[in-house]
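What follows is one structure encoded as structure tokens, with my remarks underneath.
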Amino acid sequence: MEKALLVTIKFKHEKSNWTLEDVAEEMELLVDTAGAKVLDNIITICEKPTANLLIGSGKVEELKVLCDELEADTVIFSRDLSGTQQRNLEDIIGKKTIDRTQLILDIFAHHARSPEGKMQVELAQLQYLFPRLIGKGIILSRLGGGIGTSGPGEQKLEVDRRRIRKIIDNLKDNLKQVSLHRKTMRKRRKDNAIPTVAVVGYTSAGKSTLINTLTDSGQVVSSGLFTTLDPLSKSLQLANGENIVISDTVGFLNDLPHHLIEAFKATLEEVVESDLLIHVLDVNHPRVYEHSKAVFEVLKELGADEKPIITALNKIDLLDDKMWLERLKSDFVNPVAISAKLKTNIDALQEKIQKNFADRMIKVELLIPHSRMDLIDLFYREGKVEEVSYLQKGIKVKAILPKITYHKVLHIKGIEKVC
């Protein structure tokens, strides 16, 4: 197992709702998810960043001594490093040195399963490494694996800059095709008036578990961070018979680098184009408010922060303080307290979803010819059939249907409205 020394940094001029200890703890979770062992987490407060090393030269010398004592394989900084800073740090410390973004990208590379997910990760990695390639030939050609080396691979990174630029352009073109395909699928759903719901939330809030509970989809669930990278859309029929499409999304993170959001735009388009958002919050987490703020920062960057939203206050099965739950209910928009794992209050969540789309449905009573039994099948598929009566002059059907379906069948010869 790779052994890592963490360096969690705060600059004095910065203001944040996150304490230095909070940032340090999340860094340790990221390293654990990457499959490495944390030897120590050095927390340091600096006056301001330096151009050549990010932190002071004295602190870097201390890190070198500590790495040798602990026999660390890798040093991981909580802040992004420029190519110059990374090279200088590795020269002094004598160990592989990476930053938080490279750590996140490494986790992405391990969790991407679909061709689309792998393309997105490879694009993000190459775009991040491209400006850092100058003068790194020796570093990039070293043998061995570990954190920061998953994904495009050492061989690809050794090719000249022109070829890397070509690879990046090809990946962008391929992802554009994926985006166009998704756009076509969304247009088809809109033409059929099928509502779309996107599940968003901080990483590990329980989004995939909720998708599984709602749709029986069998999505992989793990306690680690960023276990869902590949897009997943599933059909869900509500209690009134209405069919909707519900989509899982990549988990958000505090201070998620802008270029990572850009790289995953193809996946996050589901958020932008959705009719409703379900924001999943882990109520048992001590930083629940900070998690919510981080999610809305990403939503704002995507232009999706004004969409209708349901706040799913998840993991209530782990919460002992019911007063805390009541406070959360008063602080978040359109809340419903649930346990996705134990399926607690899932009916209440579905009722909120159904209420949001209530104006799309209509209660009807129709008389259809005996020869059009196919329409009864249609009504069962797209709505909720309440009663079917077989009469001599035809079949009387009471049902709740999508308005678009109702208006389509009214134009069919032989269909009559029953007053």
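Laboratory data are not the source of any read-out in this text; all were calculated from the coordinates shown. Source: prediction; values computed, not measured. For neighbour counting, all protein chains shown are included, and Cβ atoms are generated from backbone atoms with ideal geometry for every residue, glycine included.
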Handout entry: the chain: most fluctuating residue of 65, 121, 197 per GNM, C-alpha cutoff 10 Å
Key = 65
Handout entry: DSSP beta bridge pairing in segment 3-104, given as percent antiparallel to the nearest 5
Key = 5
Handout entry: Sequence-distant residues sharing a close amide H with residue 40 (under 5 Å, placed H)
Key = 6
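For segment 3-104, what ratio Rg/Rh do Cα atoms give with a Kirkwood hydrodynamic radius? It would help to have the intermediate numbers written out before the result.
Numbers: Rg = 12.6 Å, Rh = 13.6 Å.
A ratio of 0.93.
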Handout entry: Most fluctuating residue given options 111, 279, 181, as computed from a GNM of the chain linking Cα atoms under 10 Å
Key = 181
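So for each of 236-245, 383-392 I average, over its residues, the number of other beta carbons within 10 Å; can you give me the resulting order with the highest mean first? Don't jump to the answer; show the numbers that get you there.
Working: 236-245: 18.4, 383-392: 12.8.
Per-residue mean Cβ counts within 10 Å order the peptides as 236-245, 383-392.
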Problem - Nearby lysines by direct alpha-carbon distance to residue 341 (threshold 23 angstrom, same-chain neighbours under 8 apart not counted) - result: 207, 234, 315, 322, 329, 352
Exercise for the section: Return one quarter of the surface area of the convex hull spanned by the alpha-carbon atoms of the chain, equal to its mean projected area, in nm². Expected result: 24.4
Fill in the blank from the handout: Here, GluC sites (Glu not before Pro) of segment 1-100 satisfying both criteria (DSSP loop; at most 16 other Cβ within 10 Å) are 14, 47, 71
Exercise for the section: Identify, among 164, 314, 13, the residue whose Cα sits farthest towards the positive end of the charge dipole of the chain, taking +1 on the Cβ of Lys and Arg and -1 on the Cβ of Asp and Glu, with the dipole about the Cα centre. Expected result: 164
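Kindly work out what percent of the DSSP beta bridges joining two residues of the chain are antiparallel, to the nearest 5. Numbers along the way, then the final one.
Numbers: 25 of 61 bridges.
Antiparallel bridges: around 40 percent, rounded to the nearest 5.
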Completion exercise
With no solvent term and unit scatterers on the alpha-carbon positions of segment 194-356, Debye gives log₁₀ I(q)/I(0) at q = 0.09, 0.12, 0.21 Å⁻¹ of -0.26, -0.46, -1.59
Exercise for the section: Return the single residue from 76, 395, 353 with maximal mean-square fluctuation; model: Gaussian network over the chain, springs between Cα atoms under 10 Å. Expected result: 395
